[in-house]
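What follows is calculated from the coordinates using simple rules that are stated; it is not laboratory data. Computed from a predicted model, the values in this text were never measured in an experiment. We place every Cβ from the backbone using ideal geometry, glycine too, and count neighbours over all the protein chains shown.
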Amino acid sequence: MRWWSGVWMIAGMVVLAACGTSAGGGSTGPASASGSSSARPPSTAPTGAPASPSGQGPSTSATAPSAPARHCVAGHTEISVAPGDATQQRLCVRPGTVVSLVLRPRTDDKRWKAVNTSAPALVVASGWRLDADGTAHAALRCAGTRGGEAEVTALAKAPDVAGAARAAFTLHVSVVPYTTQG
């Protein structure tokens, strides 16, 4: 009788694993994982990047990526932050992805000053530009082969107030490498 309970437990785990890795199940992209709709869905985001292995059927390998990692953005994506949006967002990307961060003008008297990253070896902030209307643009380039997490903070401050600029927005970037077979 004991061995039947083991068989049922294994069968249940296989069913749960199959449900978690189905192509239509789970979240639909980084926007739904972060709770914000300002990120483009990954179906329109990639530009010329190789197709991710998520297009393949369910895998029974022990090294198969988890369901959230299957919906990471590859290639190029744009994150737009407008006044009233959450001050923190999460984004899952594949190595080599370029993220265009667009910071819309603030409604208070503060202005965007700079973008800093907690792990420059993983995510490099480059291409900072501040438009005349107060919109800021930054390019975030993710490492080509590494995986890990980094926090990208956008700093803002009022121009006539002394002191250092403070973090007004934080983007938590998770770089998830493709799994290797073999």
Estimated FRET transfer efficiency when R0 is 25 angstrom, pair SER80-GLN181 (beta carbons, to 0.05): 0.10
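Sort 159-167, 125-133, 147-155 by packing, meaning the average of other beta carbons within 10 Å per residue, with the highest value first.
Numbers: 159-167: 9.6, 125-133: 11.8, 147-155: 18.2.
Highest to lowest by the protection proxy: 147-155, 125-133, 159-167.
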Net length gained if the chain between ARG141 and HIS172 were fully extended (0.36 nm per residue, minus Cα distance): 9.8 nm
Debye, to nearest 20: dipole size of region 92-173, +1 on Lys, Arg Cβ, -1 on Asp, Glu Cβ: 140
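How long is the gain from ASP133 to VAL161 if the chain were fully straight, where each residue apart is worth 0.36 nm and the alpha carbon distance is subtracted?
Working: separation 28, 0.36 × 28 = 10.08 nm, distance 1.99 nm.
Difference between extended and current length: 8.1 nm.
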